[in-house]
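Visitor: Dropping the structure in here first, questions after.
The values are calculated or read from the model by the stated rules, or taken from the named source; none is laboratory data. This one's a predicted model, so the numbers in the text were calculated from it and none came from an experiment. Positions of Cβ are generated from backbone atoms using ideal geometry, with glycine treated the same way; all protein chains shown enter the neighbour counts. Side chains included, ligands, DNA and RNA excluded: accessible areas come from the protein's heavy atoms. Shrake-Rupley method; radii C 1.70, N 1.55, O 1.52, S 1.80 Å.
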Amino acid sequence: MQRPTVMKNYVCLIVLAVIASAAANAGDIKIECSKDSVNITWTIPAEFIPHATRFFLGSCIPSDFAILPSGEAELYFKHKYMDCNSRRRPKGKRVIYQNELTYRPKTRAHPADFTYPFECNSHRDQNTWIPKFNRPGVGVAEGHGNLIFHMALLNEDLSAISKSNEVPLGSMMPIWAAVEQKSHQPMLLLIDECVAAATPELQPAGQYYPLVGNQGCLLASTWGNSKFLPRYHSSAMVLNLQTFKLAFTDELPQVYINCKLVAWDPEALSEERKACNYVKETGSWELLDDPSQSHLCSCCDSSCKYRHKRGADKSRGIAQNVVLGPLRFVNPSD
């Protein structure tokens, strides 16, 4: 493991504590400390890629992600110290920030499978350093910042946006949804609802076909091969939808996919905020982001009623309606 970069006037002290075998399986970690933030590159083996959102810096998920030619992946954490619940301790002319990297394949109620504590030391600025309990911004910064939602049709190998809007009937149609977070607190993208319709705006008397409903249940996975694919990043999802014959396409060949996308607190999954696939082999629903919590999907066969809590949506998430189209579902024989 390479020694982290030591920047001018700042020192990065790495403290290793974990079983050697676990560290060997968790990949290579490079940490660069600066005055008020930390940049971390965590290289993980290929088998960990489907679980990339289970790697944390304190309370923060990766801010970016890249697949390497070797098949491995690099997770990037670029965060302000206090965004990720670092512990801050003044010591003489320095401030010590303590945090840890963890891999948590299960919920936070279970211990992490891998823990990597570290410290970053910076010079203490007597003119600007303020104790945490006197900072009015702490605790109210979450949920601020602009969010931009996207949806697009991908090509067959999921490597780029499709150059055509025609999709053969019966084939798989990968729909990419993402939220551009910019300076916002890292959030989890969820597809709350989706319907296929003949128009970009839903009409009261119009025909439409539910694809995702009951607040995150992929209804289309109960009758075809549609499924939410494993995430490559928390801020994006791929809905791999199997196309089917729609009654209105005989007269109006254009199809629009109308979806409600939600950027949500990754630590606040519930029956009202989730992403669930139906598993035909077991006849049950499975939670995409944490199968051990699949009980949150048990309401998919009935009704996942939204229990409104004052201020809950505003503080934990933002919703936006997005339309993809026009698309054309074509007969392969044509």
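Visitor: When you go through (1) outside any strand (DSSP E or B); (2) modelled with pLDDT of 90 or more; (3) within 28 Å of Ile61 (Cβ to Cβ) one by one for Leu211, which number turns out not to apply?
Guide: (1)
Visitor: Something else about it: Answer yes or no as to whether Cys194 is hydrophobic (A, V, I, L, M, F, W, C), in a strand (DSSP E or B) and either without any contact (Cβ under 8 Å) to a residue 12 or more places away in the chain or open to solvent by less than 30 Å² (accessible area, probe 1.4 Å) (or both).
Guide: Numbers: hydrophobic (A, V, I, L, M, F, W, C): yes; in a strand (DSSP E or B): yes; either without any contact (Cβ under 8 Å) to a residue 12 or more places away in the chain or open to solvent by less than 30 Å² (accessible area, probe 1.4 Å) (or both): yes.
Yes; evaluated as a whole, the condition is true for this residue.
Visitor: I've got another one for you. Considering only the stretch 310-334, state which residues are of a type in the set (Ser, Thr, Tyr) and modelled with pLDDT of 70 or more.
Guide: First, pick out the residues of the stretch 310-334 that are of a type in the set (Ser, Thr, Tyr): 315, 333.
Within the stretch 310-334, Ser333 is the sole residue that qualifies.
Visitor: Sticking with this one: Test each condition in (1) more than 16 Å from the chain's Cα centre (by Cα); (2) open to solvent by 10 Å² or more (accessible area, probe 1.4 Å) for Asp64 and report the one that comes out false.
Guide: Checking Asp64 against (1) more than 16 Å from the chain's Cα centre (by Cα); (2) open to solvent by 10 Å² or more (accessible area, probe 1.4 Å), the one that fails is (1).
Visitor: Which residue out of Leu246, Leu261, Leu218 is in contact (Cβ under 8 Å) with a residue 60 or more places away in the chain and more than 26 Å from the chain's Cα centre (by Cα)? Working first, answer last.
Guide: Values: Leu261 fails: more than 26 Å from the chain's Cα centre (by Cα); Leu218 fails: more than 26 Å from the chain's Cα centre (by Cα).
Exactly one of Leu246, Leu261, Leu218 is in contact (Cβ under 8 Å) with a residue 60 or more places away in the chain and more than 26 Å from the chain's Cα centre (by Cα), namely Leu246.
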